[in-house]
Amino acid sequence: MSLRLLLIGDSGTGKTGALLPLLEKYKLRIADFDNGVDFLKMNSSAKLRQNLSVKTFTDEFSRSTISGLTLNTPTAITRFGNALDKWDEAGPFKTWGPDTILVIDSLTFLGRAMARHYLDLNKKKPDSVIEPRQFGAIQGMIFSLMDQLLDDAKNCHYIVISHIDYRDYQEGSYAPVGMMDQGDKPDQIPKSQVEAKGVPTVFGAKLGPQIGRYFNFMLRARISTIGNMRPRRIIQTQPDQTIDLKCPILELEEKGELPLSTGLATLFAEWEKRNN
């Protein structure tokens, strides 16, 4: 049974760096949409780098003397789909074994690439302003990708990394911060009933709160600061007032946190112990 992890966190909290201890035991195949996996390359030994395969999927821009940068025909999503069908000598994603982890870094930038891909498919300039009616179609394409990963991950594991989008929340409704109609008038939501909630940054307001259903773990990388103590990088396993998380291994959830430097190795070891 595959471990499916959604790892969320603000920029600079160490989401990508948390993958480093996994190279001791697993082959990591990273779909890099952020162009930001230098930490892994610089901090792993030559031996560990043998377990690391990175493919970067970014769309290219050309410099124009008139208007600055112009986006070329987007290819990131097409190349990513081809890589899932054949990742060099490893073959299709659906044939990978339990010694392998697919990493998507990050869902945030994958969503942007999917939007450009959608515009190109519909014969529009990939840097066009996205109309409200187009959001649903783009979100549907992202859902389809998640469905494919869920169906194809028979034995191998996958980790999807995402930034956090903070939103106003009230009784299941999410809106960008400051956009919820709140106040003291009868037709407005009382300010006391609105709280800030963090959700994965995907694409649009509706997708973030729903994307967690595709994963059996949803954890948060963050920097813990308590009093005058030195800041610590941790992986949060328990939900709190601002973040909804899930960790089905109760022993790890009760701890509340794992060290960022070893946390994912601990998580995978406990998962294998319970599923072998």
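The values are calculated or read from the model by the stated rules, or taken from the named source; none is laboratory data. Everything quoted here is computed from the prediction, not taken from an experiment. Positions of Cβ are backbone-derived with ideal geometry, glycine not excepted, and every protein chain shown enters the neighbour counts. Note: areas computed on protein heavy atoms with side chains; ligands, DNA, RNA excluded. Shrake-Rupley method; radii C 1.70, N 1.55, O 1.52, S 1.80 Å.
Inclusion of residue 42 among residues that are modelled with pLDDT of 90 or more, more than 26 Å from residue 269 (Cα to Cα) and among the aliphatic types (A, V, I, L, M) is not warranted.
Just checking, does region 119-130 include any residue being modelled with pLDDT of 90 or more, on the phi < 0 side of the Ramachandran plot, surrounded by fewer than 17 Cβ atoms within 10 Å (Cβ to Cβ) and over 17 Å from the mean Cα position of the chain (by Cα)? There is at least one residue in region 119-130 that is modelled with pLDDT of 90 or more, on the phi < 0 side of the Ramachandran plot, surrounded by fewer than 17 Cβ atoms within 10 Å (Cβ to Cβ) and over 17 Å from the mean Cα position of the chain (by Cα).
Condition test on residue 154, is it open to solvent by 60 Å² or more (accessible area, probe 1.4 Å), at pLDDT 80 or above and in a loop (DSSP other than H, G, I, E, B)? Spell out the reasoning first.
Numbers: open to solvent by 60 Å² or more (accessible area, probe 1.4 Å): yes; at pLDDT 80 or above: yes; in a loop (DSSP other than H, G, I, E, B): yes.
Against the criterion (open to solvent by 60 Å² or more (accessible area, probe 1.4 Å), at pLDDT 80 or above and in a loop (DSSP other than H, G, I, E, B)), residue 154 qualifies.
For region 41-59, the criterion of being open to solvent by 60 Å² or more (accessible area, probe 1.4 Å) and in a strand (DSSP E or B) is satisfied by no residue at all.
Pairs are defined by a Cβ separation below 9 Å, a sequence spacing of at least 6 or placement on different chains, a first member in region 139-159 that is more than 12 Å from residue 101 (Cα to Cα) and of a type in the set (Ser, Thr, Tyr), and a second member that is in a helix (DSSP H, G or I) and open to solvent by 40 Å² or more (accessible area, probe 1.4 Å); no pair meets this definition.
Checked against the criterion of being open to solvent by 20 Å² or more (accessible area, probe 1.4 Å), outside any loop (DSSP other than H, G, I, E, B), within 30 Å of residue 251 (Cβ to Cβ) and at pLDDT below 95, region 172-189 has no qualifying residue.
With the structure loaded, tell me whether residue 99 is in contact with a strand residue (DSSP E or B) (Cβ under 7 Å, 6 or more places away or on another chain), surrounded by fewer than 20 Cβ atoms within 10 Å (Cβ to Cβ) and not aromatic (Phe, Trp, Tyr) or whether it fails that test. It is true that residue 99 is in contact with a strand residue (DSSP E or B) (Cβ under 7 Å, 6 or more places away or on another chain), surrounded by fewer than 20 Cβ atoms within 10 Å (Cβ to Cβ) and not aromatic (Phe, Trp, Tyr).
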